[in-house]
Every structure is written in structure tokens, then in C-alpha cells.
Amino acid sequence: MTTFRGLRAVAAAATLVLLGACAQPIADGEGVAGTPSSGPPTGGAGGLVLRVKHTGGFVGPDALAGRLPELSVYADGRVIFSGPTTAIYPGPALPNVLVRMLSPEQVTELTRQAVAAGVRPGTDFGQPGVADATTTEVTVVTGAGEQTASANALREARPDDPRLTAAQKQARTKLTGFLDRTDELTSGPGAQPYRPEILAAVVRPYVEPGDDLPGRPQAVQWPGPALPGEPLAEPQKLSCVTVTGEQRDAVLKAAKDAHATTPWVSGGNGWTVTLRPLLPDETGCADLKAAR
């Protein structure tokens with residue numbers, strides 16, 4: 001059984017055709033970071049121009065640190081996003097991260113639409129009466145610099161929420177419409193597996209399953225640097241390591257036979273590891289430490 005990200009059907013429009021129908025395929029390969037298109041229109045050579053991510057919410061600290069943005073778009077045309085995942089427990093050890101290409105014109109149009117949808121200073125999305133919901137954070141980089149908009153419980157709030165004014169509801173509707181259109185970037189042919197230059201691992205001590213859960217899964221030897229690595233969130237006993245080159249390849253290979261609850265053995269101890277491919281604008285564990 002397979003479940004997909006929320007790909008929403010949207011009425012055909014000129015901007016949607018521009019952003020969704022003309023995506024350029026990526027060169028064949030087991031996993032690629034994307035072939036740059038000619039000339040970055042914004043954000044510097046290959047720099048981030050648009051990011052959609054969720055922050056907060058009722059999730060565990062390791063899931064919080066290892067959470068990937070929903071969508072990252074770069075000036076060289078790369079679009080990196082989470083692909084389909086199997087609806088089974090436990091899930092795979094490695095998230096399914098995909099990449100596809102846009103043209104410079106598509107990237108420019110996408111940033112223009114983001115600003116028009118309210119991703120700019122001063123947009124008021126209000127605070128609905130919803131507890132423990134995530135906040136949708138959208139960042140766009142244009143010639144005017146970096147601009148961010150944050151809307152709590154963007155899709156969870158009721159249309160008639162009394163805590164929201166008419167203007168706030170309208171602002172939320174515009175932002176939701178823009179995000180529905182960006183979902184089209186993750187559908188259709190042409191996407192390839194994203195192969196990170198750096199792979200991070202969020203680490204915590206392994207805890208044996210309780211009596212009401214299946215028995216201990218088969219352990220896998222950790223082929224990377226010694227665990228647990230550098231502290232990430234000490235109250236939760238979280239730490240982090242990064243791997244590159246041959247060690248990265250060895251971890252990726254071992255992860256094919258592992259799942260999210262697999263105990264990884266390093267230094268004679270068992271560890272639970274959340275693998276997190278770092279994105280092109282990320283450099284190490286400090287980027288995950290900043291997650292919230």
C-alpha cells in the first residue's frame with residue numbers, strides 16, 4: 001500500500017501551465033542532485049529561492065530535528081521535495097527525497113507568485129483556535145532580499161473560525177491557493193532520487209520494544225563515524241553525525257535493508273537513527289539543531 005503527499009487538483013491557469021507542464025527532466029542516474037539550468041534569475045548561483053516547511057506541532061524531538069522541508073526551489077532550477085512513502089509501520093530508514101528541474105522563467109514566475117500570495121513583511125494570517133497544529137512557513141528570495149510568511153494551522157482552521165478576521169481569512173486563502181499550485185511541481189514524470197552530498201543522522205539510544213510491540217528487529221552495523229556524535233538536544237539525549245563520500249555511500253547501502261526502528265550498532269551499543277539528507281543550502285548538524 002502506498003500513500004502520497006497531498007497533491008491537489010487545481011483549475012488550469014496560465015501560471016499553472018508555466019510551472020507544472022514544462023518541467024525539464026533530469027539526467028538519468030541512480031540518484032542525482034539535478035542539472036543546473038542556464039543562469040540563475042534570483043538567489044545567486046544555485047542559491048535557495050523558495051522554501052515551504054512546517055514547524056512546531058505535536059511531534060517527537062528526533063522527528064522535529066529530522067523533518068524535511070515540504071519543498072525547496074533553487075535558482076539553478078532544482079526542485080527538491082519528499083516523494084511517495086509506503087503506508088506501513090515501521091517505515092523505511094531513508095526518506096524518499098526527489099528532485100526535478102524548472103527553467104529560469106519558471107523559477108522567476110514562482111517567486112513572483114509567492115510574493116503576490118502574501119509572502120512578504122506585514123501579511124497578517126491571524127491565530128486560529130487550533131491547538132498543537134504545525135505552522136506553515138514560506139520563504140522566498142527575490143531581488144528585494146529574503147522574505148518569510150508564517151501561518152499557524154493553515155489547513156486545519158475552520159473557515160468560520162471566530163478568532164480570524166475577514167482580512168486574515170482572505171490572506172490565508174491566497175497563501176493556500178499558492179501552495180496548492182506548488183504541489184503540482186511534485187507531480188508528473190521527470191523526478192529522480194536526490195543524492196545528497198552530505199547525509200546527517202539524528203541519533204538517540206536504542207530502547208527495546210515494549211511487551212505489546214513486536215520483538216527486537218534485526219540490528220545493523222553502523223558503517224559511518226562513531227555514534228552518537230555531537231550533542232543536538234541534550235535533554236532528549238539526541239545527537240548528530242554527518243557522513244560524506246565513501247562513508248555516505250556505505251550508510252545509504254546499509255539503509256536499504258533497514259527501517260525507521262532498526263537498531264544500529266556502533267561501539268557495542270544500539271542506537272536509533274533518523275537519517276536526514278542535507279539539502280544544497282545546508283552544511284551540517286547545526287542546520288538540524290536550528291529546527292523547531
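Derivation of every value follows stated rules applied to the coordinates shown; laboratory data play no part. Everything quoted here is computed from the prediction, not taken from an experiment. Note that we place each Cβ from the backbone using ideal geometry, even for glycine, and neighbour counts take in every protein chain shown.
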TODO: May I ask you to sort ILE88, ILE198 by Cβ crowding, counting other Cβ atoms within 10 Å and putting the fewest first?
DONE: ILE88, ILE198
Open item on the list: Only counting other Cβ atoms within 10 Å, I'd like THR242, THR139, THR55 sorted with the fewest neighbours first.
Closed with: THR55, THR139, THR242
Open item on the list: Taking the number of other C-beta atoms within 10 Å as the exposure measure, put ARG195, ARG204, ARG276 in order starting with the fewest.
Closed with: ARG195, ARG204, ARG276
Task: Estimated FRET transfer efficiency (GLU208, ASP249; beta-carbon r; R0 35 Å; 0.05) - done: 0.70
- [ ] Report, ordered by chain and residue number, the lysines lying within cross-link reach of LYS174, taken as a straight Cα distance under 23 Å and ignoring same-chain residues fewer than 8 apart.
- [x] LYS53
TODO: Run the quick spin-label model on GLU146 and ALA219: label points 7 Å from Cα toward the beta carbon, then report their separation in nm to one decimal.
DONE: 4.2
Open item on the list: Quick check: pseudo-label points 7 Å beyond the Cα along Cα→Cβ at THR173 and SER187, how many nm apart are they?
Closed with: 2.2
- [ ] Using the Karplus curve 6.51 cos²θ - 1.76 cosθ + 1.60 with θ = phi - 60°, work out ³J(HN,Hα) for each residue of the range 159-172 in order, rounded to whole Hz, and write x for Gly and Pro.
- [x] x, 9, 4, x, 7, 9, 7, 4, 5, 5, 5, 5, 5, 5
Task: Straight-distance crosslink candidates among lysines, where the alpha carbon sits under 16 Å from LYS237 and sequence neighbours closer than 8 are dropped - done: LYS289
Task: Among THR261, PRO217, PRO235 - extreme Cα towards positive end, dipole of the range 197-289, charges at beta-carbon - done: PRO217
Open item on the list: What distance in nm lies between label points placed 7 Å from Cα along the C-beta direction at LYS256 and ASP160?
Closed with: 5.5
Open item on the list: So if I take the centroid of the Cα atoms in the range 61-84 and the same for the range 88-129, what is the distance between those two points in Å?
Closed with: 9
TODO: Please find the FRET efficiency linking ASP281 to GLU105, where r is the Cβ-Cβ separation and R0 is fixed at 22 Å, and quote it to the nearest 0.05.
DONE: 0.50
